[in-house]
There are 2 protein chains.
Amino acid sequence: MSLQADFYFDYGSPTSYLAWVQLPGIVERTGVTIHYKPILLGGVLKAAGNASPMDVPAKRNWMARDMASFARRYGVPFRLNPLFPINTLPLMRGAIHAQREGFLVPYSDAMFRAMWVDARDMSNPAVIAEVLAGAGIDAARLMAGAQEPGIKEALKAETEAAVQRGLFGAPVLFVGDEMFFGQDRLPYAEEQLRSLGRSAP
Amino acid sequence: MSLQADFYFDYGSPTSYLAWVQLPGIVERTGVTIHYKPILLGGVLKAAGNASPMDVPAKRNWMARDMASFARRYGVPFRLNPLFPINTLPLMRGAIHAQREGFLVPYSDAMFRAMWVDARDMSNPAVIAEVLAGAGIDAARLMAGAQEPGIKEALKAETEAAVQRGLFGAPVLFVGDEMFFGQDRLPYAEEQLRSLGRSAP
């Protein structure tokens with residue numbers, strides 16, 4: 001039986017970006033198949049009665065340094081977008097569309113980079129279009145697709161299912177029934193995957 | 001120059017316990033001198049505008065499993081006290097007294113164990129007295145000492161100074177100006193201490 005994991009994320013979450021950049025290495029080292037679950041973090045926070053840690057000024061200051069430190073550890077660029085928080089509803093609907101069309105990974109690379117490396121204003125449709133074009137994605141088609149009722153409904157359903165599964169924030173990697181919350185827990189998720197890999201027939 | 005670090009904690013915090021149990025190993029491996037800073041976590045949370053992560057039901061569920069997993073990793077017993085949260089004001093005042101009298105470490109061992117291993121009702125003075133007696137500590141003297149105005153004032157001052165330094169929760173280990181928040185950041189604090197140790201003359 002091959003290893004499986006479910007990854008829940010929102011482009012508006014800087015720690016989701018720091019998790020995203022770790023995934024290729026984890027896949028390479030464990031052979032896990034990752035199922036991507038775009039969700040609306042704002043919806044999860046609201047349903048779980050949680051608040052963004054970035055809402056507490058002293059915690060935000062500490063998180064900014066903590067995230068920069070992890071970015072150095074992972075060897076990836078990182079800039080805390082000064083426009084945070086941004087409403088990511090159109091971007092996450094776009095993720096569902098991109099997933100159905102088979103280009104979720106390059107779309108996500110572009111979204112995460114625009115948000116947390118280039119610190120673009122991703123609440124601005126013109127900027128979104130520019131970022132998509134830069135990634136070789138048909139912006140008009142994506143943005144029209146993201147408006148389809150079936151896409152809107154699918155994002156809502158995925159977000160509600162995430163809350164049912166125990167999410168109160170993002171990112172999360174589920175390995176079986178075990179929930180690894182936070183980009184800083186991915187090394188432990190990888191340990192768990194290695195352990196499962198060793199015990200598999 | 002010898003390595004120094006400041007450790008901020010409250011016995012009412014289960015992650016402070018999980019940090020506490022890691023300290024002897026870190027001291028042994030790095031030679032760091034730890035300065036203990038008992039604080040009132042409730043005061044820090046209030047001043048920083050923060051809430052306990054345990055207040056969000058889904059987060060509390062996850063944290064319970066997360067903390068149990070770290071306890072197994074550290075090889076220490078752990079039980080999430082069902083009476084959490086407990087008002088730790090008398091216990092933390094007792095810590096200041098114990099520190100002045102030179103027995104903070106055995107006092108803290110007894111407090112953390114009663115709270116997070118034996119899951120005692122540490123809001124009950126009779127239970128506190130029993131736990132202290134079991135640790136060979138003169139309970140009457142400790143509890144009288146904890147009521148002295150100078151002790152009360154010292155805990156308040158230490159808590160306010162912690163907020164000024166950027167605390168929004170506990171545990172925290174400061175290495176120089178670098179703040180390591182959370183028991184899960186101690187391995188990174190240890191890395192930093194090793195790095196400083198190597199670069200010292």
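The values are calculated or read from the model by the stated rules, or taken from the named source; none is laboratory data. No experiment lies behind these values; they were computed from the predicted model shown. Using ideal geometry, Cβ is built from the backbone for each residue, glycine included, and neighbour counts are taken over all protein chains shown.
So here's what we get for this one:
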quantity	calculated
Residues within segment A:15-35 that are assigned to a loop (DSSP other than H, G, I, E, B) and in contact with a strand residue (DSSP E or B) (Cβ under 6 Å, 6 or more places away or on another chain), tallied	1
A:MET54 vs. criteria in a helix (DSSP H, G or I), more than 19 Å from A:PHE174 (Cα to Cα) and in contact with a Lys or Arg (Cβ under 6 Å, 6 or more places away or on another chain)	yes
Among (1) closer than 28 Å to A:GLN164 by Cα; (2) in contact with a Pro (Cβ under 6 Å, 6 or more places away or on another chain); (3) not hydroxyl-bearing (Ser, Thr, Tyr), the one test that B:TRP116 misses	(1)
Residues that are crowded, with 20+ Cβ neighbours inside 10 Å and either closer than 13 Å to A:GLY12 by Cα or basic (Lys, Arg) (or both), drawn from segment A:46-80	A:LYS59
Criterion: within 15 Å of B:PHE9 (Cβ to Cβ) and away from chain A (no Cβ under 14 Å) - qualifying residue of B:VAL117, B:VAL105	B:VAL105
Subset of segment A:157-170 that is buried (at least 21 other Cβ atoms within 10 Å of the Cβ) and within 13 Å of another protein chain (Cβ to nearest Cβ) - its residue that is farthest from B:TYR188 (Cα to Cα)	A:ALA162
Segment B:36-51, subset away from every other protein chain (no Cβ under 12 Å) and assigned to a loop (DSSP other than H, G, I, E, B), residue farthest from the chain's Cα centre (by Cα)	B:LEU40
Residue that is farthest from the other protein chains (Cβ to nearest Cβ) [pool: residues in segment B:5-35 that are over 17 Å from the mean Cα position of the chain (by Cα) and touching a residue at least 60 places away in the same chain (Cβ under 8 Å)]	B:GLY31
Lone qualifier among B:GLU148, B:GLU160 - being at pLDDT 95 or above, of a type in the set (Asp, Glu) and within 13 Å of B:ALA98 (Cα to Cα)	B:GLU148
Segment A:53-78: number of residues that are more than 12 Å from every other protein chain (Cβ to nearest Cβ) and farther than 16 Å from B:PHE181 by Cβ	6
Residue satisfying all of: in segment A:171-189; crowded, with 18+ Cβ neighbours inside 10 Å and out of contact with any strand residue (DSSP E or B) (no Cβ under 9 Å at 6 or more places or on another chain); nearest to the other protein chains (Cβ to nearest Cβ) among these	A:ASP184
For B:PRO201: the one exception among (1) at negative phi; (2) modelled with pLDDT of 95 or more	(2)
Among residues of segment A:110-127, those that are closer than 20 Å to A:PHE78 by Cβ and free of Cβ contacts under 8 Å to residues at least 40 places away in the same chain, counted	7
Residue match in segment B:90-101 (condition: outside any loop (DSSP other than H, G, I, E, B), under 15 Å from the mean Cα position of the chain (by Cα), touching a residue at least 40 places away in the same chain (Cβ under 8 Å) and surrounded by fewer than 17 Cβ atoms within 10 Å (Cβ to Cβ))	yes
Residue selected from segment B:102-124 under the condition closer than 14 Å to B:LEU142 by Cβ and of a type in the set (Phe, Trp, Tyr), by the criterion farthest from the chain's Cα centre (by Cα)	B:PHE103
Flag if B:ALA162 is touching a residue at least 12 places away in the same chain (Cβ under 8 Å) and touching a Leu at 6+ places or on another chain (Cβ under 6 Å)	no
